[in-house]
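The numbers here are math on the coordinates, done by the rules we state, and not lab data. Because the structure is predicted, anything quoted here is derived from the model rather than measured. Note that we place each Cβ from the backbone using ideal geometry, even for glycine, and neighbour counts take in every protein chain shown.
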Amino acid sequence: MEHTKIDNVLKEKQRNLEDRSRRNNLRIEGIYENDKESWGDTEKKVQTFFTEKLGLKDVEIERAHRTGRKNDGRPRTIILNLQKYKDKIRILKELYRLKGTNTFVNEDFSRETVAIRKKLFAEVKERRLNGESVTVRYDKIVYIKTSFKNNFNE
């Protein structure tokens, strides 16, 4: 019994550390890929994407590379590591501009956190149908404050 508790604590700490190491990472899907694309080419494509599609300049990229095997002509996911967390937040705030396109930008999490979030998104969908304003932040469901009433002038 005691070993199980310790194992769970250690697994949670490991997941937390892995997610923290990915804090400045984003995953981008849907950007065209050339046959012999280098890391430098990928980075240039990402910079162009940020400028043209999101209206963001001066995003400082540490590295950008494709992940996985090439298959059936579909572009592979780009793993992007940013130098500044603030740049990540700027990017996430502009993602509404991608609505209706086939390009997707997501935060990068460990497999365990992705599995947790997947379950939470199903619950969020159900809650939204019931009229609740909720979303997923990291590995929790949070309520969205929908309005602010100014009581200072009353």
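Take segment 20-57 and flag every residue that is among the basic types (Lys, Arg), under 15 Å from the mean Cα position of the chain (by Cα) and either closer than 22 Å to residue 99 by Cα or surrounded by fewer than 16 Cβ atoms within 10 Å (Cβ to Cβ) (or both). Scanning segment 20-57 gives 20, 23, 27.
Name the single residue that is surrounded by the fewest Cβ atoms within 10 Å (Cβ to Cβ) among those in segment 58-91 being of a type in the set (A, V, I, L, M, F, W, C) and under 14 Å from the mean Cα position of the chain (by Cα). Restricting to residues being of a type in the set (A, V, I, L, M, F, W, C) and under 14 Å from the mean Cα position of the chain (by Cα), the top hit is 89.
Within the option set 104, 121, being farther than 20 Å from residue 24 by Cα, touching a strand residue (DSSP E or B) at 6+ places or on another chain (Cβ under 7 Å) and surrounded by fewer than 16 Cβ atoms within 10 Å (Cβ to Cβ) holds for one residue only, 121. If you filter segment 1-19 down to residues that are exposed (fewer than 11 other Cβ atoms within 10 Å of the Cβ) and among the acidic types (Asp, Glu), you find that the one that is farthest from residue 71 (Cα to Cα) is 2.
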